[in-house]
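Visitor: Below is a structure I'd like to ask you about.
The values are calculated or read from the model by the stated rules, or taken from the named source; none is laboratory data. Quantities reported herein were computed from a predicted structural model and do not represent experimental measurements. Note: ideal-geometry Cβ built from the backbone for every residue, glycine included; neighbour counts use all protein chains shown. Protein only, heavy atoms only, side chains kept; ligands, DNA and RNA dropped before computing areas. Shrake-Rupley method; radii C 1.70, N 1.55, O 1.52, S 1.80 Å.
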Amino acid sequence: MENLASLPPDRLFELFESGAIDRETLQTLMALQARMLIREMEEDHLNPAAAFMEHLRNLRMAIKFSRRHGQKLIRDVLSSLGRDTDFPPCIYLWNASHPDVPLHCFFRSKREPVFRILKMTTDGSTIHVEVEYGVKYPKAIHRETITLKRDAAWNLRIESRETLAVK
C-alpha cells in the first residue's frame, strides 16, 4: 500500500474501477491524501504571512509562463507531467487540465516539496521544460529537462527526461 499512497487520486480511482483495489483501500488512500492537504492548510493558518508570500510567488510564476506560452499550453504540459507516475510531483499535478482550478495552485515555489518550472521553450510540436522539484534538506532537489512531443492525436507525451546538476 506504500507505493499506492504516492499515486494521485485519478490513478487510485482508475485502480478501483478496474478492480485492482477494493473500496476500503481506496478510502484509506484518499484519507491519507486528505490528511496531507489538511496539514498544509493548518500550516497556512499558523503562518498566514508565509502562506501569502508563497501564494504571490506562485501567482507570479503562473502569470509569467501564461503570458509567454498561454494558459492552455501550460496546463497541457502540467497535465502530461501529472500523468507520469514516475514523476514525483505528479501527485500535485493530476488535475492540471481542469480549468476550474487556478493555474498558480500547481506551483510550489518555496513550500516543500517544491515544484518550479525554470524554463520552457517550444519548437512546434516539441516542448522542452526545465523543472526543479523535491525538498531542500537534505539536498534532495532534482532538476530535469523534460522533452514533450505531441503524438498523432495531438496529445503531449513525455519523450525524454534528462537529469541536470543542481546549482
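Visitor: With label points built 7 Å along Cα→Cβ from the Cα atoms of ALA20 and GLU144, find their separation and express it in nm.
Guide: A separation of 1.8 nm, rounded to one decimal place.
Visitor: Assigning unit charges at the beta carbon (Lys, Arg +1; Asp, Glu -1) and nothing else, what dipole magnitude in debye, to the nearest 20, does segment 111-167 show about its Cα centre? Show your work: numbers first, answer last.
Guide: Details: 11 positive and 8 negative charges, 49 e Å.
Roughly 240 debye, rounded to the nearest 20.
Visitor: Continuing with this model, one more query. With +1 assigned to the C-beta of every Lys and Arg and -1 to the C-beta of every Asp and Glu, and no other charges, what is the dipole magnitude of segment 33-167 about the Cα centre in debye, to the nearest 20? Write out the running numbers ahead of the final one.
Guide: On the way: 23 positive and 17 negative charges, 83 e Å.
It works out to roughly 400 debye.
Visitor: Distance cut-off 20 Å, Cα to Cα: go down the list LYS139/LYS167; LYS72/LYS167; LYS64/LYS110; LYS110/LYS139; LYS136/LYS167 and report the pairs above it. Can you show the working numbers first?
Guide: Details: LYS139/LYS167 11 Å; LYS72/LYS167 30 Å; LYS64/LYS110 17 Å; LYS110/LYS139 14 Å; LYS136/LYS167 12 Å.
Where the Cα-Cα span goes over 20 Å, the pairs concerned are LYS72/LYS167.
Visitor: When all protein chains stay in place, what accessible area (Å², nearest 10, 1.4 Å probe) is found for LYS136?
Guide: Spelled out: LYS136, probe radius 1.4 Å, area about 90 Å².
Visitor: Taking the Cα centre of segment 80-119 as the origin, how large is its charge dipole in debye, to the nearest 20, when only Lys and Arg (+1) and Asp and Glu (-1) carry charge on their Cβ atoms? Please report the intermediate quantities before stating the final value.
Guide: Numbers: 6 positive and 4 negative charges, 49 e Å.
For segment 80-119, the charge dipole is close to 240 debye.
Visitor: Run the simple label-point estimate for ASP84 and VAL166 please: 7 Å along Cα→C-beta, distance reported in nm.
Guide: 1.8 nm
Visitor: With the dipole of the chain worked out from charges on the C-beta (+1 for Lys and Arg, -1 for Asp and Glu) around the Cα centre, which of LEU12, ALA31, VAL135 lies farthest toward the positive end?
Guide: VAL135
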